[in-house]
1. How high is the relative contact order of the chain, in percent, with contacts defined as C-alpha pairs under 8 Å that are six or more residues apart?
2. Identify which of the listed values of P(r) over Cα pairs in 10 Å bins from 0, in percent was calculated from the structure shown: (i) 17, 53, 29, 1; (ii) 16, 33, 34, 15, 1; (iii) 16, 46, 28, 9, 0.
3. Expressed as a whole number of Å, what is the distance separating the alpha-carbon centroids of region 17-32 and region 33-54?
4. How much length is gained on full extension from residue 72 to residue 57, taking 0.36 nm per residue of separation minus their Cα-Cα distance?
5. Go ahead and run the numbers for FRET between residue 46 and residue 14, Cβ-Cβ distance against an R0 of 22 Å, rounding to 0.05.
6. Sorting check: for 10-17, 53-60, which peptide has the highest mean count of neighbouring beta carbons within 10 Å, and how do the rest follow?
């Protein structure tokens, strides 16, 4: 899975999630990936990080722990220990 991180999300992209929570990326439509698939994160065409999908959550199950946003989106989660920066 390839994720193009928009400029508006880049300052928060490098922040760790709260303890006990996985990071996720939200999508309006069901993503075409499965647990175990690689995720490639890009800034303006340059790959900046990778991770591995841990699970996929349908809309309505949860929201961002810090902001309460993204409840109505599909969420692709990854475990923090699979996240690797290319910077």
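Derivation of every value follows stated rules applied to the coordinates shown; laboratory data play no part. Bear in mind the structure is a predicted one, so any value in this text is a computation, not a measurement. So basically every Cβ, Gly included, is an ideal-geometry build from the backbone, and we count neighbours across all protein chains shown.
1. After rounding, I find 33 percent.
2. Of the labelled values, this structure produces (i).
3. One Cα centre to the other: 12 Å.
4. Taking 0.36 nm per residue and subtracting the Cα distance, the gain is 4.4 nm.
5. In this case the efficiency is close to 0.90.
6. 53-60, 10-17
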